[in-house]
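For reference, the structure is listed below as structure tokens.
The values are calculated or read from the model by the stated rules, or taken from the named source; none is laboratory data. Quick caveat: nothing in here was measured; it's all calculated off a predicted structure. Don't worry about glycine lacking a Cβ; one is built from the backbone with ideal geometry, like all the others, and counts go over all protein chains shown. To get the accessible areas, we keep the full protein, side chains included, count just its heavy atoms, and leave off ligands, DNA and RNA. Shrake-Rupley method; radii C 1.70, N 1.55, O 1.52, S 1.80 Å.
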Amino acid sequence: MLKRRTLLTTAALATVPLALPHAALAQGRKDSIVIGMALEPPGLDPTAGAASAIAEIVQYNILETLTKINADGKVTPLLAESWEVSPDLRTYTFKLRRGVKFQNGEPFNAQTVKFSFDRAGGDKSTNKDKRTFANMSTQVVDDNTVVVINKEIDPDLLFLLGQATAVIVEPKSADGNATKPIGTGPYKLDSWAKGSSLVLSRWEGFRSPGTAKINKVTFRFISDPAAQAAAVLAGDVDAFPRIATRVVPQFRNNPQFQVILSGSLAKTILAINNKHKPLDDVRVRRAILAAIDRKAVIEGAVDGFGVPIGSHYVPGATGYVDTTGINPFNIEKAKQLLAEAGVKTPLELTMTLPPPPYARQGGEVIAAELAKIGINVKVQNVEWAQWLSNTYGGPHNYDLTIVSHVEPFDLGNYAKADYYWGYQSKAFDTVYDKIKTTGNAAERAKLLGDAQKILATDAANGFLFQPQWPTVAKKNVKGLWKDMPIFVNDLAALSWA
């Protein structure tokens with residue numbers, strides 16, 4: 001289970017006298033809830049876009065998966081009632097839940113599972129896990145039985161099949177899911193006012209009536225930290241998962257609210273474009289890492305809500321090893337490495353930053369730190385759409401950027417030569433190939449440790465911290481996740497006390 005702690009807060013009501021009528025009204029309505037989100041999704045199809053905000057709205061609510069990932073990271077049945085795994089760990093036989101329908105009346109069955117997985121791995125797929133699905137073949141045994149054969153051993157496959165990229169879609173409506181998602185879940189899309197809010201309502205045709213206790217869920221998109229706090233204090237938002245860290249202290253001593261600090265499997269990194277000169281020189285990348293004081297970044301970026309990491313892996317994950325000592329904070333060493341690489345200072349670099357506060361605030365800290373070793377960083381703030389198209393996708397037009405990678409098991413991205421940071425290593429690829437084909441748990445854990453050490457030694461990226469996500473909510477909102485192994489809002493679990 002992930003590390004967790006829940007803080008129920010206590011006093012400081014002077015800041016909210018005008019909000020009390022709103023709060024009383026919110027506590028009086030038991031059939032609806034307003035949830036705050038820092039980012040608005042670009043669309044609502046998680047099989048077509050990489051933005052985590054998509055899953056925050058649709059996963060387990062509108063669109064469902066064969067398996068479900070719970071707050072403690074455990075995998076349980078969802079659309080699949082049960083499964084069997086072959087001794088060689090390559091063949092999975094799923095027994096599907098009977099009597100399930102999509103919201104347009106079409107049946108859920110083995111054919112829709114095959115369609116969904118074949119589509120996710122097909123030539124036209126833009127699914128961020130396309131490679132995984134392309135390595136799978138799906139066979140229909142009968143309407144209620146499907147067999148998935150994996151070319152590679154993947155002990156995490158059941159977990160992956162509970163992530164948003166593995167949602168089961170209905171063939172006739174699949175192409176329209178970006179704006180009108182059709183799924184098998186307990187909620188359906190009512191309306192979407194772009195730039196403002198999105199409304200889901202309970203789907204009365206859901207297979208298990210009474211599962212969802214909330215009739216109407218409104219998501220409000222509020223990016224500014226001060227506005228987030230104001231909306232919660234005014235009673236306009238009932239719960240704000242992953243609220244800006246800087247506003248959390250004002251809720252800790254207020255008995256109207258609960259503050260939950262959630263553990264995560266996310267990695268916040270300073271991504272380095274390994275294909276840009278002189279960043280293609282490992283000595284330059286090591287110099288950048290040596291110039292960064294992770295503790296100062298954690299304080300400046302997320303107000304202390306984080307744990308330092310030295311590779312693309314976090315404490316609590318299988319096979320974790322502490323690599324923070326491989327590239328320790330050392331200003332003189334950083335200057336020496338730049339000199340050894342023949343870099344004449346000042347070195348001019350551009351840091352492209354997406355909107356989240358951890359990126360913008362962390363970027364300020366890192367730019368100031370790099371200036372101390374003669375690297376002048378020009379900060380370029382962009383919106384998510386621009387970051388996704390030009391930094392993460394398209395031409396990978398950047399030198400440095402800061403982002404949280406929230407996918408739990410994503411070491412494999414370093415084996416993709418065309419991934420946005422452009423890292424290439426035969427040594428890493430060899431180890432990762434062994435990870436994919438090793439069924440022995442102890443051997444796989446050792447290999448995972450080896451992979452982490454390679455990435456740290458190569459300074460593939462600037463590995464910063466494992467974030468802790470704060471949630472602020474009215475004290476009588478029940479069912480909020482205590483930990484967040486994945487980014488979802490499990491609406492069917494919510495209720496009012």
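Some points to look at:
- Share of carbon and sulfur in the accessible area of the stretch 331-434 stands at 50%, probe radius 1.4 Å.
- For the stretch 181-227, the list of trypsin sites (Lys or Arg not before Pro) that fall in a loop by DSSP and count at most 13 other C-beta atoms within 10 angstrom reads K194.
- Amide hydrogen proximity for N215: with H placed 1.01 Å from N in the peptide plane, the residues at 5 or more positions away or on another chain lying under 5 Å are S32.
- Of all lysines in the structure, the ones whose alpha carbon falls short of 21 Å from that of K30, not counting any fewer than 8 places away in one chain, are K188, K213, K216, K474, K475, K478.
- Extension gain, T211 back to S173 (0.36 nm per residue minus Cα-Cα distance, nm): 11.2 nm
- With N the number of residues in the stretch 438-497, Rg(Cα) / (2.2 N^0.38 Å) evaluates to 1.79.
- Per-residue SASA remark: Y60, around 10 Å² accessible (1.4 Å probe; ligands, DNA and RNA not included).
- Cα pair count fraction exceeding 40 Å, expressed as % - the chain: 23
- Relative contact order for the stretch 40-182, counting Cα pairs under 8 Å that sit 6 or more residues apart, in percent: 32
- Normalised by the number of residues in the stretch 133-280, the mean separation of alpha-carbon contacts (under 8 Å, six or more apart) gives a relative contact order of 9 percent.
- FRET efficiency estimate (nearest 0.05) - Cβ-Cβ, I331 to K378, R0 25 angstrom: 0.70
- Eigen-decomposition of the gyration tensor built on the alpha-carbon atoms of the stretch 91-218 gives equivalent ellipsoid semi-axes of 27, 18, 13 angstrom, largest listed first.
- Here the accessible area of the stretch 48-155 is 49 percent carbon and sulfur, with a 1.4 angstrom probe and all protein chains present.
- Dimensions of the stretch 85-150 along the principal axes, based on C-alpha atoms and rounded to the nearest Å, stand at 32, 31, 14, largest first.
- As a calculated quantity, the FRET efficiency between S191 and K478 at R0 = 35 Å, using C-beta atoms, amounts to about 0.85.
- Solvent-accessible heavy-atom area per residue, rounded to whole Å², over the chain at 1.4 Å: 40
- Cα extents of the stretch 407-483 along the three principal axes, largest first (Å): 53, 30, 20
- Remark on the stretch 252-371: Rg and Dmax equal 16.5, 59 Å (Cα only).
- Considering all C-alpha pairs of the stretch 337-429, those separated by over 18 Å amount to 55%.
- Counting only lysines at least 8 places from K372 when in the same chain, those with an alpha carbon closer than 28 Å to its own are K267, K275, K277, K295, K333, K335, K344, K453.
- Compactness of the stretch 156-278 is given as radius of gyration and Dmax, 19.1, 60 Å, from Cα positions.
- Accessible area of the stretch 168-309 belonging to carbon and sulfur atoms, whole % at 1.4 Å probe: 50
- Size descriptor, Kirkwood hydrodynamic radius, that averages inverse alpha-carbon separations across the stretch 368-497, Å: 18.4
- DSSP beta bridge pairing in the chain, given as percent antiparallel to the nearest 5: 75
- Each residue of the stretch 108-115 was assigned a 3J(HN,Hα) from its phi angle through the Karplus curve 6.51 cos²θ - 1.76 cosθ + 1.60 (θ = phi - 60°); the sequence is 8, 7, 4, 5, 6, 5, 4, 4 Hz, with glycine and proline shown as x.
- For the stretch 388-430: relative contact order, % (alpha-carbon pairs under 8 angstrom, 6 or more apart): 31
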